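The values are calculated or read from the model by the stated rules, or taken from the named source; none is laboratory data. Keep in mind it's a predicted model, so treat the numbers as computed, not measured. For neighbour counting, all protein chains shown are included, and Cβ atoms are generated from backbone atoms with ideal geometry for every residue, glycine included. These area figures cover heavy atoms from the full protein model, side chains too; ligands, DNA and RNA do not enter into them. Shrake-Rupley method; radii C 1.70, N 1.55, O 1.52, S 1.80 Å.
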Amino acid sequence: MNAQIQKLYSKAGKPERLIIGLMSGTSMDGLDIALCSVKKSGAETDIRVLKFKTGDYTADFRAKIKAIFSKKEVDLQLVCLMNEYIANTHAQLINEALKEWGYKNDDIDFIASHGQTIFHAPKSLHQLADYPNGTLQIGDGDHIAVKTGIITLSDFRQKHLAAGGEGAPLAVYGDYLMFSKAGEDRVMLNIGGIANFTYLPGNTNASEIFSTDVGPGNTLMDQYMQQQFNQFYDKHAAVARSGHSNPGLLAALLDCEFLMLDFPKTTGPELFNLEYLVKAQEKSATTHLGQEDVMATLCHFSAEAISNAIKRCFGADATVQVFMSGGGMHNPLLVQLLQIKLPFCSFLSTEDLNVNPDAKEAVLFAVLANETLCGEPIDFGNRQGVPSVCMGKISLPK
């Protein structure tokens, strides 16, 4: 047997595995690095976050990603080069984090890397009859494995596509294993660039679970802040709070076919971007609006998209517990609006379930890797968009 395969087999069989989960989202604020201790698998998964940090991206690195991000026409050579460049940068950030935390690379059993999404193209977006759902994440796993010396699992979304899903959202798999609780209906709401949620029924029946994107989270607000204020995001919602939501622009933003589609569904900045905003302003004759009013309206837009989706699923008087994660939960105006629009729901964070909400997405991929290595596909029955598969390609360091 190949020595690397033997090593993989041995590590997968350990009673406790140290797995680093990585997440670099559409906000491109940095690389989330979560060092997790994982025991068992499936419904008995026992995971603890030992260390967490966000490795900051430089302005130059962020600009390089943006040059190929969410665009139909790009420099193909740059895409090719960035696949390696991103992986090498991520490997460097991992090595630096381990040194900072006092761990040797040999102490770590596996890395689970999401990679960097540069384009997401479900059929609902591309509408090309002869083509399947598609998505592309770059940051090659082989480069991470070689540069860190750690067995790496990556490219998780392709198996989801191959089995009939849209490649997103994948949160349903980790949410079910980490957060299901008998007798308690839960909604796990992640507000990243795009907002999505997973419904976890209190009967813990996997065939009743579903996960869906609902629309924009932070992406439009962040893009507008970067364009108009040269700020990465609206800290403490200071800009949005200083403006007023415009009813005409809000109505135009909400007039979107995607928002009317049945669940589950997926989307991305390929749809919700500054061009989308410009068209909505032209449609509503609001191109004269002040920047603060535009920001306020964008915040209301995200709140409406999220709250409307929850109401569609659970009724206007929804009473479910909503556990938040992602950068949007730190936007006080957005959270306030959600509480107003969903007055009977309880809003908490995954911190209340002993998982740092900023680390949750990175932890998810550690869980997915653990299932591929040690578990079995979860039986989700015939749930549309939730294929019963294990995900992630395995890269060996040698």
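Looking for whichever is open to solvent by less than 60 Å² (accessible area, probe 1.4 Å) and acidic (Asp, Glu) here; the options are ASP75, ASP46, ASP60, ASP109. Which one fits?
ASP109
Across the stretch 252-269, what is the total count of residues that are open to solvent by 20 Å² or more (accessible area, probe 1.4 Å), assigned to a loop (DSSP other than H, G, I, E, B) and either aliphatic (A, V, I, L, M) or in contact with a helix residue (DSSP H, G or I) (Cβ under 6 Å, 6 or more places away or on another chain) (or both)?
Number of matching residues: 1.
Filter the stretch 201-217 down to the residues that are polar (S, T, N, Q), at positive phi and open to solvent by less than 10 Å² (accessible area, probe 1.4 Å) and list them by number.
Correct list: empty.
I need the full set of residues from the stretch 73-102 which are part of a helix (DSSP H, G or I), farther than 25 Å from LEU50 by Cβ, over 21 Å from the mean Cα position of the chain (by Cα) and of a type in the set (A, V, I, L, M), in order please.
Those that are part of a helix (DSSP H, G or I), farther than 25 Å from LEU50 by Cβ, over 21 Å from the mean Cα position of the chain (by Cα) and of a type in the set (A, V, I, L, M): LEU76, LEU78, VAL79, LEU81.
Here is a yes/no grid of residues against (1) open to solvent by 10 Å² or more (accessible area, probe 1.4 Å); (2) polar (S, T, N, Q); (3) not in a loop (DSSP other than H, G, I, E, B):
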residue	(1), (2), (3)
PRO343	yes, no, no
GLU351	yes, no, yes
ASN356	yes, yes, no
VAL363	no, no, yes
VAL367	no, no, yes
GLU371	yes, no, yes
GLU376	yes, no, no
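Can you work out which of the residues in the stretch 125-146 that are over 19 Å from the mean Cα position of the chain (by Cα) and over 11 Å from LEU396 (Cα atoms) is least open to solvent (accessible area, probe 1.4 Å)?
Going through the qualifying residues, I end up with HIS126.
For THR198, state whether it is buried (at least 23 other Cβ atoms within 10 Å of the Cβ), hydroxyl-bearing (Ser, Thr, Tyr), modelled with pLDDT of 95 or more and not in a helix (DSSP H, G or I).
Against the criterion (buried (at least 23 other Cβ atoms within 10 Å of the Cβ), hydroxyl-bearing (Ser, Thr, Tyr), modelled with pLDDT of 95 or more and not in a helix (DSSP H, G or I)), THR198 qualifies.
Every residue, every condition in (1) open to solvent by less than 40 Å² (accessible area, probe 1.4 Å); (2) farther than 27 Å from ARG157 by Cα; (3) in a helix (DSSP H, G or I); (4) in contact with a helix residue (DSSP H, G or I) (Cβ under 6 Å, 6 or more places away or on another chain), yes or no:
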| residue | (1), (2), (3), (4) |
| --- | --- |
| GLY248 | yes, yes, yes, no |
| THR287 | no, yes, no, yes |
| LYS311 | no, yes, yes, no |
| THR319 | no, yes, no, no |
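Which one of the conditions (1) closer than 24 Å to GLU371 by Cα; (2) assigned to a helix (DSSP H, G or I) does GLY165 fail to meet, given that it meets all the rest?
(2)
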